[in-house]
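These notes concern the structure reproduced below.
The values are calculated or read from the model by the stated rules, or taken from the named source; none is laboratory data. Values in this document were obtained by computation on a predicted structure and should not be read as measured data. We place every Cβ from the backbone using ideal geometry, glycine too, and count neighbours over all the protein chains shown. Note: accessible area is taken over every heavy atom of the protein model, side chains too, but ligands, DNA and RNA are not part of it. Shrake-Rupley method; radii C 1.70, N 1.55, O 1.52, S 1.80 Å.
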Amino acid sequence: MSSKLQPARGTRDMIGADARRHNAVADTARRIAGLYGFEEWFTPIFEDTRVFSRGLGDTSDVVAKEMYSFEDRGGESLTLRPENTAGVCRALVTNGLTQSLPQKAFYAGPMFRYERPQKGRYRQFHQIGCEILGAAEPLADAEVIAAGWQIIQSLGIAEGVVLEINTLGDAESRDAYRAALVAYFSAHAEQLSADSKTRLEKNPLRILDSKDAADRALVEGAPLITAHLTAGAAAHYAAVLRYLQGFGVPLRENPRIVRGLDYYSHTAFEFVTDRLGAQGTVMAGGRYDGLVEEMGGPPTPSVGWAAGMERLALLMEDAGRTPAAARPVAVVPMGDAAEAPALAALQALRAAGTHAEMAYRGNLKRRLERANKQNARAALLVAEDGGLQWKDLDAGTQVAVSLGGLAGL
């Protein structure tokens, strides 16, 4: 082979510190989610393409430009999941759980999107997420946000991260707002990008998410939804803000946060930071009261969020929060006849929950050198008669120990 094989564009290997940060994100999120009553769900990495085309909308950038879809040997169209909320909603319906609501689901795993790779954004990326399915109350909105904030705090990356929040109102509010947006953008149609001209006809709220510079300039002058909220929608939003205050979650209101799909309603939010450059969103979500219905289930009010694990890991690295590698105990047989008692000691340490390793070869000097390279905290010297000496490699002390006494070391 003339050239070395490399990871496919937009993918990467995670080894050493990268892997430790990745695992810390997943483990911390899993632990905190459990405190809030979320149970982990595992859904397939690929689904029937309709799960995402129905859930995300045919005109969304994800469906139109970014999905990894393929036809399998049976002629069915399948798609590597670009996100997991749609899969969770499909799983709720498939497993007959719409009769046992509310359900609180946590997930962690890989997602796939065909887009331009950049710092913290890959074609194979990973997300954690929390979803509350079957709860219409504003307390559910606030609780899922509070769980996200506690995860961010527990990772040690809260500095410089801010919750921005908005309301999308109820259906009546959005209908009135949509009419106002159509009137506004129609008056400036010649200045819109080609994509936004299409959105103007199909879903004008998506224009507010446009990244085109000319569109962004127009968006600055667009009407705000707050002027079109019904009394019920305003009350829901006020309650969410009140509950967030009770949970101790700092926030700032941002009336420009929107979600373009019809099933989104009421609360929309993002945790943002200026420590990741232009890609400043680290966790985002909202209420999606119509998505379960899109999957063939009954009307099921739901709310949740997803967060990119790569971005959270970058913030950990920036904050100096990379977990240290585990420090083993090095078991060192002192001669060939010491190998059998060394193996017994090795397994005794492991049975006691201690990270222990024994080099596969080498004399005493080389084995101790390897222990230092591994940053071992101690060496257990094993004599040919089975005698054990515990050498603390930090303090430089050495004491005799028994096989039964290893559990406390």
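Data for the structure
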{"read-out": "Hey, residue 142 open to solvent by 30 Å² or more (accessible area, probe 1.4 Å), among the small types (Gly, Ala, Ser), touching a residue at least 40 places away in the same chain (Cβ under 8 Å) and in the same structural domain as residue 81 (by TED's automatic domain parsing) or not", "value": "no"}
{"read-out": "Residue in segment 195-202 that is under 24 Å from residue 272 (Cα atoms) and polar (S, T, N, Q) present", "value": "no"}
{"read-out": "Matching residues in segment 130-139 - criterion: being surrounded by fewer than 22 Cβ atoms within 10 Å (Cβ to Cβ) and in contact with a helix residue (DSSP H, G or I) (Cβ under 6 Å, 6 or more places away or on another chain)", "value": "139"}
{"read-out": "Residue tally, condition over 13 Å from residue 180 (Cα atoms) and part of a helix (DSSP H, G or I), over segment 209-220", "value": "8"}
{"read-out": "Among (1) under 19 Å from the mean Cα position of the chain (by Cα); (2) part of a strand (DSSP E or B); (3) small (Gly, Ala, Ser) - the single one residue 86 does not satisfy", "value": "(2)"}
{"read-out": "Single residue of segment 89-103 satisfying the filter (surrounded by fewer than 24 Cβ atoms within 10 Å (Cβ to Cβ) and more than 30 Å from residue 238 (Cβ to Cβ)) that is nearest to the chain's Cα centre (by Cα)", "value": "91"}
{"read-out": "Matching residues, segment 1-52, being touching a residue at least 12 places away in the same chain (Cβ under 8 Å), farther than 24 Å from residue 86 by Cα and part of a loop (DSSP other than H, G, I, E, B)", "value": "8, 9, 12, 16"}
{"read-out": "From the options 183, 194, 179, residue that is under 33 Å from the mean Cα position of the chain (by Cα) and of a type outside the set (Asp, Glu)", "value": "194"}
{"read-out": "Among the candidates 300, 267, residue that is outside any strand (DSSP E or B), buried (at least 16 other Cβ atoms within 10 Å of the Cβ), in the same structural domain as residue 83 (by TED's automatic domain parsing) and not small (Gly, Ala, Ser)", "value": "300"}
{"read-out": "Which numbered condition residue 223 fails, given (1) part of a helix (DSSP H, G or I); (2) open to solvent by 10 Å² or more (accessible area, probe 1.4 Å); (3) in contact (Cβ under 8 Å) with a residue 40 or more places away in the chain", "value": "(1)"}
{"read-out": "Filter pass, residue 320 being out of contact with any helix residue (DSSP H, G or I) (no Cβ under 8 Å at 6 or more places or on another chain), assigned to a loop (DSSP other than H, G, I, E, B), open to solvent by 40 Å² or more (accessible area, probe 1.4 Å) and not polar (S, T, N, Q)", "value": "yes"}
{"read-out": "Segment 89-121, residues that are among the charged types (D, E, K, R) and not in a strand (DSSP E or B)", "value": "90, 113, 115, 116, 119"}
{"read-out": "In segment 104-153, the residues that are over 18 Å from the mean Cα position of the chain (by Cα) and on the phi > 0 side of the Ramachandran plot", "value": "134"}
{"read-out": "Qualifying residue in segment 157-170 (condition: in a helix (DSSP H, G or I) and open to solvent by less than 60 Å² (accessible area, probe 1.4 Å))", "value": "no"}
{"read-out": "Whichever residue in segment 254-283 is within 19 Å of residue 160 (Cβ to Cβ) and out of contact with any Gly (no Cβ under 9 Å at 6 or more places or on another chain) and, among such residues, is modelled with the highest pLDDT", "value": "254"}
